[in-house]
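Accompanying notes for the structure given below.
The values are calculated or read from the model by the stated rules, or taken from the named source; none is laboratory data. Here the structure is a predicted model, which means the values were calculated and not measured. Note that we place each Cβ from the backbone using ideal geometry, even for glycine, and neighbour counts take in every protein chain shown.
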Amino acid sequence: MRLFVSEGVPGCLPVLAAAGRARGRAEVLISTVGPEDCVVPFLTRPKVPVLQLDSGNYLFSTNAICRYFFLLSGWEQDDLTNQWLEWEATQLQRS
């Protein structure tokens, strides 16, 4: 797997934290790219963070990437996890 992040992009911090939980359960190559680099070939606008899976598929929603890493780490998702992810997306990133 390859995780693309960019400095100063708010969605990258929670994704990096979630990737840390999956450490040791999956090999994740972290690549720093510019915020205007087009990583996903079928998107018309640049987007980071992006997780390129071994299958060649892409996840480019911060919450989807976090949930994927949580599943890999064996951390069972619950209502509190989902609440945290939704708060981060609607309140923290908005500011």
### Query
In the range 41-81, what count of residues is obtained for those that are assigned to a loop (DSSP other than H, G, I, E, B), within 16 Å of residue 11 (Cα to Cα) and in contact with a Phe, Trp or Tyr (Cβ under 8 Å, 6 or more places away or on another chain)?
3
### Yes/no for residue 26 being within 15 Å of residue 3 (Cβ to Cβ), touching a Cys at 6+ places or on another chain (Cβ under 6 Å), touching a residue at least 12 places away in the same chain (Cβ under 8 Å) and of a type in the set (A, V, I, L, M, F, W, C)
no
### Filter result (at pLDDT 90 or above and surrounded by fewer than 12 Cβ atoms within 10 Å (Cβ to Cβ)) within the range 57-92
57
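Across the range 1-15, what is the number of residues that are farther than 20 Å from residue 36 by Cβ and assigned to a helix (DSSP H, G or I)? Steps first, answer last, please.
Filtering the range 1-15 down to residues farther than 20 Å from residue 36 by Cβ leaves 1, 14.
Going one step further and asking which of them are assigned to a helix (DSSP H, G or I), we end up with 14.
The qualifying residues number 1.
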### Task
Would you be able to say whether some residue in the range 29-37 is surrounded by fewer than 16 Cβ atoms within 10 Å (Cβ to Cβ), without any contact (Cβ under 8 Å) to a residue 12 or more places away in the chain and either touching an Asp or Glu at 6+ places or on another chain (Cβ under 8 Å) or closer than 14 Å to residue 1 by Cα (or both)?
no
### Summary
residue 54 fails exactly one of (1) touching a Pro at 6+ places or on another chain (Cβ under 8 Å); (2) surrounded by fewer than 11 Cβ atoms within 10 Å (Cβ to Cβ); (3) of a type outside the set (Lys, Arg); (4) in contact (Cβ under 8 Å) with a residue 24 or more places away in the chain, namely (1)
